[in-house]
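These notes concern the structure reproduced below.
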Amino acid sequence: MNGVSERTASGRHGTANRSDVTAGLCFAFLAVICALALGPSMAPYDAMGANLTIGLGPPTESHWLGTDALGRDILSRVIVGARAALLGPLIVTLVSMVFGNALGLIAGCRGGWVDSVVMRWVDLMLALPGLLVAVVVIGALGGGYWVAVAVLGVLLVPFDARVIRGAALEQIPRPYVEAARTLGVPWWRLTLFHVWPNVSAVTVANSFLAFAMALVSLSGLSFLGFGADAGQPDWGLMIAENRTNLFENPASVVAPGCLLILTATCVNLLGDWVYQRLSERGLSR
Amino acid sequence: MSVRSTAFLLFKRLVAACLLLAVISLAVFSLVYLSPGSAEQILAGGKGSIPPEQLQRLRAEHHLDEPLLTQYWIWVKDAVTLDFGQSIQTALPVTDELGARLRVSLFLGGYAFVLTTVAGVLLGLFAALRRNSILDRAIVASTLVGLSAPAFATALLLLYAFAILVPVFPAFGQGTDFLDTLWHLTLPALALATSSTAFLVKHTRTAMLGVLDQDHVVFARARGLSITTVLFRYVGRNALIPITTISALTFIQFVVGAVLVEVAFSLQGIGSLLVQAVAAKDVPMVQGVVMLVAVIVIAANLVADLFSMAVDPRVRLGGRAA
């Protein structure tokens, strides 16, 4: 009993609890990554510039993370790689959110055979190993970064559609929906202006998860050679290129690997936190 | 639920599985037509111009003058007898290559499955029993990282940590006999198991916390039954439910993860075969690998559903697993 009262008391005392601190740290980390991606290049060297006279080397004073087999500075490539790491997943997320929200809302609000058709399709897509489908399709279509982005955008739609449909289904029995229906609001208006604002917390939180999934999948595709074009600074591709240099310059693999894991973790944590905050606000309303 | 309705359900699922295989195979068969470039160029390996007599031979060999559905039917008739044609890269039968590569992939998958199940349940159990302790917090925190980390990044970090910094495991190779294979595949299996273990820990912990607070468990403890008895008799069955309901999902994670991990560790398995075949536009090989993976995924889904029906009466009695 004592423990319980202590916990609630400590929760009330502080203005920020542990999850807020974690979220703040995640936000700070992601802000740095965004600054690297969007701001003026802070890379000390040209990320694409090969320097064969240096060649492969471990970290030194002039090259903090060493160089790869072509003498390219790892630190510069990691910094410039932040752009590919954020831009592609951002577009994937946007595409999957637009179509996923639309499908999920239509399925949830209309119900009936529309719902059945959409959900059977979603079940089928979720039962597929997505990354393998992406590999085969990209291989057949001829590859490239933007093809990978487009294919992943489509593959992430069912994840989103399922979550949004679930959230929409929770709204349907509520009085405001019935009231709107009684007033003769057409279904598309009801969906777009009445139900959607009420599931927006889920939409926002889910877009974080979709972003993390896109980041991990896209870098995975780059790692396998079906994403970023050869030579481009991209974390997944860097890991693949420098995998054989693990003995000579481990930093060339460890740095992009750690950044990838940290970024994905931070996005996921921030998504959880946003969801919690938004649903708390929703409950108190 | 009677035996008859179970049999009916099984029959329905098998029919659905066959339909699904037909759809997938048609989609994969159409790959040749989807790919940019002419069909005979792709089947010849896409290398420059082809001499006319070879072109003639290729067209005849792959029945390219027949209509698409007839071609598909010819392919299906061979595929049913496990004949997927010859690899463009090696000119060896696709089926032989698949057979040769299957061993290491199955070993890797099985090893990772054992690791996931054992570590996932034990860690989830510990975390739930020591709720809010440092151990619990540490487990939950590492779960968050494990869930987010892509398998290939984990693989390379493990490789660096345990094959180079502290060289306890080999950096490459896939072993000869059983123990040697076990030793060689430990790091790949760990990398493959990381995210699914994190997933399982999360679900087991939540399920356990729900069960441990229930009256019948509290009452069993109050009657003086030991904690181990309670765990085995009352809680264990409930811990099985998350394992079975997410095992199909875990399996798909494995199939995807295996590709990344096999490439990361240079293992000659089915996953790395798919990547090599797609990169080389080796169409018969891609078709063979995709069909094999499709059969495995469908079978695993079916087994997981049957298993969850056996364990969870709620699934048996009505509706679907939550």
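The values are calculated or read from the model by the stated rules, or taken from the named source; none is laboratory data. These numbers come from a predicted model, not from an experiment. Don't worry about glycine lacking a Cβ; one is built from the backbone with ideal geometry, like all the others, and counts go over all protein chains shown.
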Cβ pairs under 8 Å, 6+ apart or interchain, first in the stretch A:37-62 and at positive phi, second part of a loop (DSSP other than H, G, I, E, B), ordered by first then second residue, are A:G55/A:A69; A:G55/A:L70; A:G55/A:G71
For the subset of the stretch A:111-147 comprising residues that are more than 13 Å from chain B (Cβ to nearest Cβ) and buried (at least 19 other Cβ atoms within 10 Å of the Cβ), which member is nearest to A:W187 (Cα to Cα)? A:V118
Just to be sure, is A:S76 hydroxyl-bearing (S, T, Y) and crowded, with 22+ Cβ neighbours inside 10 Å? yes
Which one is nearest to A:G257 (Cα to Cα), of the residues in the stretch B:160-177 that are of a type in the set (F, W, Y) and at pLDDT 85 or above? B:Y160
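Yes or no, residue by residue, for (1) under 19 Å from the mean Cα position of the chain (by Cα); (2) within 28 Å of A:P59 (Cα to Cα):
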site: A:V216; (1), (2): yes, yes
site: A:A230; (1), (2): no, yes
site: A:D234; (1), (2): yes, yes
site: A:N245; (1), (2): no, yes
site: A:G257; (1), (2): yes, yes
site: A:C266; (1), (2): yes, yes
site: A:L269; (1), (2): yes, no
site: A:V274; (1), (2): yes, no
For the stretch B:257-267, name all the residues that are facing chain A (nearest Cβ under 9 Å) and either aromatic (F, W, Y) or surrounded by fewer than 23 Cβ atoms within 10 Å (Cβ to Cβ) (or both). B:S266
Check off (1) over 30 Å from B:Q86 (Cα atoms); (2) within 14 Å of chain A (Cβ to nearest Cβ); (3) crowded, with 20+ Cβ neighbours inside 10 Å for B:I139 and give me the number that stays unchecked. (2)
Which one of these is more than 14 Å from chain A (Cβ to nearest Cβ), small (G, A, S) and part of a helix (DSSP H, G or I): B:A163, B:A112? B:A112
From the list B:Q174, B:Q214, which residue is in contact (Cβ under 8 Å) with a residue 24 or more places away in the chain and not charged (D, E, K, R)? B:Q174
Of B:L106, B:L58, which residue is modelled with pLDDT of 80 or more and among the aliphatic types (A, V, I, L, M)? B:L106
Can you confirm whether A:L246 is at pLDDT 90 or above, buried (at least 17 other Cβ atoms within 10 Å of the Cβ) and within 14 Å of chain B (Cβ to nearest Cβ)? no
Scanning the stretch B:124-135 residue by residue, the ones that are in a helix (DSSP H, G or I) and either in contact (Cβ under 8 Å) with a residue 24 or more places away in the chain or exposed (fewer than 14 other Cβ atoms within 10 Å of the Cβ) (or both) total 6
Of (1) within 24 Å of the chain's Cα centre (by Cα); (2) in a loop (DSSP other than H, G, I, E, B); (3) exposed (fewer than 14 other Cβ atoms within 10 Å of the Cβ), B:D180 satisfies all except one. Which? (2)
Please state which of the following conditions A:N198 fails to meet, knowing it meets all the rest: (1) surrounded by fewer than 14 Cβ atoms within 10 Å (Cβ to Cβ); (2) modelled with pLDDT under 90. (1)
Out of everything in the stretch B:142-162 that is hydroxyl-bearing (S, T, Y) and under 12 Å from B:S195 (Cα atoms), what residue ends up being surrounded by the fewest Cβ atoms within 10 Å (Cβ to Cβ)? B:S142
Reported set for the stretch A:24-46 where residues are within 16 Å of the chain's Cα centre (by Cα) and either of a type in the set (G, A, S) or in a loop (DSSP other than H, G, I, E, B) (or both) is A:A31, A:A37
In the stretch B:268-283, which residue that is of a type in the set (A, V, I, L, M) and crowded, with 24+ Cβ neighbours inside 10 Å is farthest from A:R243 (Cα to Cα)? B:V283
Which numbered condition A:D272 fails, given (1) more than 23 Å from A:A31 (Cα to Cα); (2) charged (D, E, K, R); (3) within 11 Å of another protein chain (Cβ to nearest Cβ): (1)
